[in-house]
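Trainee: I have a structure here, written as structure tokens, and I will follow up with some questions on it.
The values are calculated or read from the model by the stated rules, or taken from the named source; none is laboratory data. Nothing here was measured: the structure is a model prediction, and the numbers come from that model. Cβ sites come from the backbone with ideal geometry, for glycine too, and all protein chains shown count toward neighbours.
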Amino acid sequence: MARLVIPLIFNCLWLCLCLKKYLAFKRAVHHVEKTQQRVLLNIIARNKGTDYGKKYSFDRIAGVESFQASVPISTYESYKPYIEAIADGRQQVLTGERVTMLEPTSGSTCASKYIPYTKSLREEFQQGIAPWVFDLYSHRKKMLLGKAYWSISPAGSLRTRTTGGVPVGFEEDTGYFGFLERYFLKHLLVVPKEVAQISHMETFRYVTLLFLLKEKRLSFISVWNPTFLTLLLKPLTGWADRLISDIKSGTVSPPGPIRPDILSKLSALVTGDEKRAEELTEILAGDLAGREPNYRQIWPDLALISCWADASAGSYLYQLKELFPGVEIQGKGLLATEGIVSFPLTGVKGSALAVTSHFFEFAEAEGQGDQSSIKIRRAHELERGKSYSVIITTGGGLYRYRLQDLIRVEGFLGQCPLITFTGKEDQISDLFGEKLSESHVDAVMHEVFVKYELRPRFYMVAPEKTADGRHFYTLFIELDEGLSQVSNLVNDVELRLRENYHYQYCRTIGQLDGLRLFVISKGGLKTYLEGCASRGQRLGDVKPVALHKHFGWSGVFEGNFVNPGQPEVTRRQK
């Protein structure tokens, strides 16, 4: 009985906490222009005395028009000196509030960006997350009786501090939530936060599966990329006997290394459960080689999986649908490290713009490449069916910041736009969330070419995959001379690519395999131009690129992969 009552109590308390923000959003959808102006003026008022506020005369800003006239549209490059000052410990730089943390994310022109977090920015995230949570649970009452798994990121490294003492990175993935929300989640989440401190990937997956399998009443799963969940579940059959033994005896015995202090904390949270062990033994009985377990039997109350479903992530949803037939899969809205742009609501197409969170503007290019014709629209000025680039102003100190995220307007909820994320507007390859940018790849390759004294006739990095579906990036290169230091060159490029925070993460959890090398024997540039033309591009418009986002180039170029001992690659016939 307690297994039902405890989740019900804490889920209901959480919903009560979300109700006020849900009602505020429901009112705001009918007054989008007024709501957005209020959000902007509150941000400006709090930050008049900052270095940035003084530079752009925040004290003279009385409304949206004067804000747009005073403050330029910006990118991360505009903020680098301010971020460096914050990292050195200076106050009143971008925000009047203290910066509590710098959160790393991938950059377009650099390996990583560091986004400042304040109390106000976290509250702005909650203005969007709370309405989503209230809508989610109030329309699916069965979920109130169950527990949840919110994706936990394995530790890539220990949490650090800048030279000025500012923490870098969240201690846990629930860092977006406020104090009370985190308290309730502590009693609702199946996998404890200590699992985030595990750096060894096999151990991380084993321990996560252990806690998931122990909880029969799992009703909700929230992950980012759908492949995170499929990769997490993949080794279950091979570890079934060990996992069931641990559940029965109340032990934690992963197949890989684990720090003694973490093992001690996790062991204290595990109690033996013979009944659950017997249930799992029956479900997982027999030879499961070549087929998946019946996850509907393992978690009969699982009602919904939340994950990315837009742009490239949508290609992998079919895997979840096959694993969890009958379970609702809800696409997440658009949530960036810099801010929350949208969140899903039941029964509507697209995700609702988070109009109570940040101040939003949208760039509409009427002539491709013609910057002078770009029109800036506000939230209440968007049009159904049109695409825009998102610009945000937040309580974290980003003002008129261009996210490089493209959205399409699907419709409206009252006056609030319902949007879908369609991709990145700059040249980004983002299969699993790795966010490799062409500018970063180009900089890496130029450095490596100088180091190895190479002058390639042609080169390009692009994704490929093995015959069994493993994904990786490939450096395609054509040289006049031979290449004697293949392993060293590949390792150098891979190390530099892993400076990208999200590429490193995708490599760590196994969504991507390591970089491979394909040596082109002849005609690289010519073949590339012809290949682009065959994909529908006008030959005169084709430009050589450092990073191409399409698969299949190993079946276009003449040559071979040269990495020894690698799996066979699916190559298209020429």
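Trainee: So the check is Cβ under 7 Å with 6+ separation or different chains; which pairs have a first residue in region 1-24 that's of a type in the set (Gly, Ala, Ser) and a second one that's at pLDDT 95 or above and not in a helix (DSSP H, G or I)?
Mentor: These pairs meet every condition: Ala24/Thr356.
Trainee: I'd like the full set of residues that are at pLDDT below 90, over 15 Å from Gly559 (Cα atoms) and in contact with a Pro (Cβ under 6 Å, 6 or more places away or on another chain), limited to region 453-507.
Mentor: Scanning region 453-507 gives Thr466, Tyr501.
Trainee: Identify all residues within region 386-419 that are touching an Asp or Glu at 6+ places or on another chain (Cβ under 6 Å) and over 22 Å from Tyr176 (Cβ atoms); write none if there are none.
Mentor: Of everything in region 386-419, those that are touching an Asp or Glu at 6+ places or on another chain (Cβ under 6 Å) and over 22 Å from Tyr176 (Cβ atoms) turn out to be Tyr388, Ser389, Leu406, Leu418.
Trainee: Please work out if Phe432 is assigned to a strand (DSSP E or B) and either under 18 Å from Pro72 (Cβ atoms) or among the hydrophobic types (A, V, I, L, M, F, W, C) (or both).
Mentor: For Phe432, the condition - assigned to a strand (DSSP E or B) and either under 18 Å from Pro72 (Cβ atoms) or among the hydrophobic types (A, V, I, L, M, F, W, C) (or both) - is not met.
Trainee: Only one of (1) in a strand (DSSP E or B); (2) under 30 Å from Met201 (Cβ atoms); (3) of a type outside the set (Gly, Ala, Ser) fails for Asp492. Which number is that?
Mentor: (1)
Trainee: Within region 58-73, work out how many residues are more than 17 Å from Phe360 (Cα to Cα) and surrounded by 14 or more Cβ atoms within 10 Å (Cβ to Cβ).
Mentor: So the count comes out to 1.
Trainee: In this structure, is Lys113 in a helix (DSSP H, G or I) and basic (Lys, Arg)?
Mentor: Answer is no for this residue.
Trainee: Oh, and also: Read through the list (1) part of a helix (DSSP H, G or I); (2) modelled with pLDDT of 95 or more, then give the number of the only condition that Thr281 fails.
Mentor: Result: Thr281 fails condition (2) only.
Trainee: If you go through region 212-231, how many residues are closer than 16 Å to Lys321 by Cα and acidic (Asp, Glu)?
Mentor: 0
Trainee: So, one more: Could you say whether any residue in region 43-57 is within 30 Å of Pro344 (Cα to Cα), in contact with a Cys (Cβ under 9 Å, 6 or more places away or on another chain) and surrounded by 15 or more Cβ atoms within 10 Å (Cβ to Cβ)?
Mentor: No, region 43-57 contains no residue that is within 30 Å of Pro344 (Cα to Cα), in contact with a Cys (Cβ under 9 Å, 6 or more places away or on another chain) and surrounded by 15 or more Cβ atoms within 10 Å (Cβ to Cβ).
Trainee: Hey, can you tell me all the residues within region 203-217 that are under 18 Å from Leu284 (Cα atoms) and of a type in the set (Phe, Trp, Tyr)?
Mentor: Tyr206, Phe211
Trainee: If a residue must be of a type in the set (Asp, Glu) and surrounded by 19 or more Cβ atoms within 10 Å (Cβ to Cβ), how many such residues does region 401-419 contain?
Mentor: The total comes to 1.
Trainee: Val252 is checked against (1) touching a strand residue (DSSP E or B) at 6+ places or on another chain (Cβ under 9 Å); (2) over 19 Å from Gly510 (Cα atoms); (3) of a type in the set (A, V, I, L, M, F, W, C); (4) not in a helix (DSSP H, G or I) and fails just one. What number does that condition carry?
Mentor: (1)
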